[in-house]
Amino acid sequence: MTGVLDGIRVLDFGRYIAGPYCAQLLSQFGADVIRIEKLSGSEDRYTTPVTADGEGALFLHMNCNKRGITLNPTKPEGREVVKRLVATADVVLANLPAPSLVAMGIDYESLKAIKEDIIFTTMSTFGSVGPYSDRLGFDGIGQCMSGAVHMGGFPGQPIKSFAPYADYGTATSAALGTLAALMARQQTGKGQMVEGALLKTALCYSNSLMIEQVLLNLNRAGTGNRAQNAGPGNIFNTRDGAIIIQVIGQPLFKRWAELVGAEEWLDDPRFATDALRGDNGEVISERAAAWCAERTTDEALAELAEAKVPAGPVLTPQQAYDDPHVQAMGLLNPVDYPGLENPAPVTGPPVSLSETPGTIRHRPPTLGEHTDEILTELGYDKSEIATLRDKRVV
């Protein structure tokens, strides 16, 4: 089966998460993605090491389906390789500081001079406009500055999400923007710049918190896992683990109250609406906690499912991998890689298409694995490639 992006070439100068994951999403739907790395390997190749050579879990997750080339674009011969690559590409993708883009010859103006209809997809922490635009940063900074970390912790103890959602969300949005730019190019013949930012993503994801604050001036403080706009909405300990229960809306609250023997609360003015249940969430959580404490996780979930009340277990990463539903979803792909004793469970695309699904076709590239192959495609012969190696260009 061919992918919907067959014939589209993406140059991936990305690092860490936002850039590489955006490129991988495009690769899963058929794009030919070439990952360009430093000669010694980029830092994200070695984050959270899991192989004998120190290559990391982050790299294994982000770089399936890609071909890999090592390159020093700051040398004159390296700039020439970049020019030849760009001339063959549809999309150039980078999440690097603006000075680095200029030094490598992959800022938008330089790219357009090589290929007028190129699409340049770039990501940063703060974006290109505003007083912080020249600052570096990672996912946690976007989370913290959005207001979400304040609300997700407790007074005096803000807590960020362990999963880097600002990074992944920016990558996904940038992939969407890149697809839109490709569609626009089909209609107009023109390329454009696609820009994402971690802080923008985090602000979008937590926007309702800001809207409520600006309009109502409530100055909420964090309550940890307990919801503030409905109830019960919290994580509760069972006899052998923990579960989350999320009740939103009167029909769900009625079913939950009847399940736990709290029918009298259905006529209690303290719990008449979601907002009031949020205001009185501590009382509701105490009742829910007592009910859960008398049951095992399996028993509590079975009763909640029978009552059609949304709930789920709190799982460790190993338990998530072992979960029968997770396995049945078909999201996890066993990916072999040199230096691994067992295949890595790498997720495929988080969205399914019935006719043109995204796929993982091959493992991530070893460092510079396809350098000779790609240079040959660009017109370099063996002696020229050898010279580039001697000069530490590739």
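Figures for the structure shown
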{"read-out": "Output for segment 42-89, where each listed residue is polar (S, T, N, Q) and either in contact (Cβ under 8 Å) with a residue 60 or more places away in the chain or surrounded by fewer than 19 Cβ atoms within 10 Å (Cβ to Cβ) (or both)", "value": "T47, T48, T51, N63, N65, T70, N72, T74, T88"}
{"read-out": "Odd one out for L111, checked against (1) over 20 Å from the mean Cα position of the chain (by Cα); (2) free of Cβ contacts under 8 Å to residues at least 12 places away in the same chain", "value": "(2)"}
{"read-out": "Candidates S124, S146, S173, filtered to the one that is closer than 22 Å to I17 by Cα, surrounded by fewer than 22 Cβ atoms within 10 Å (Cβ to Cβ) and in the same structural domain as R79 (by TED's automatic domain parsing)", "value": "S173"}
{"read-out": "Per-region count, segment 303-362, residues free of Cβ contacts under 8 Å to residues at least 40 places away in the same chain and of a type in the set (D, E, K, R)", "value": "6"}
{"read-out": "The lone exception for F162 - which of (1) part of a loop (DSSP other than H, G, I, E, B); (2) farther than 27 Å from L58 by Cβ; (3) not polar (S, T, N, Q) it fails", "value": "(2)"}
{"read-out": "Counted residues, segment 197-226 - those being surrounded by 15 or more Cβ atoms within 10 Å (Cβ to Cβ), among the β-branched types (V, I, T) and over 15 Å from K160 (Cβ atoms)", "value": "1"}
{"read-out": "Checking Q24 against (1) touching a Ser or Thr at 6+ places or on another chain (Cβ under 8 Å); (2) at pLDDT 95 or above, the condition it does not meet", "value": "(1)"}
{"read-out": "Selection within segment 205-221 - free of Cβ contacts under 8 Å to residues at least 12 places away in the same chain and either part of a helix (DSSP H, G or I) or within 16 Å of S146 (Cβ to Cβ) (or both)", "value": "N207, S208, I211, E212, V214, L215, L216"}
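The values are calculated or read from the model by the stated rules, or taken from the named source; none is laboratory data. Quick caveat, the model's predicted, so the values are computed rather than measured. No Cβ is skipped: glycine too gets one built from the backbone with ideal geometry, and neighbour counts run over all protein chains shown.
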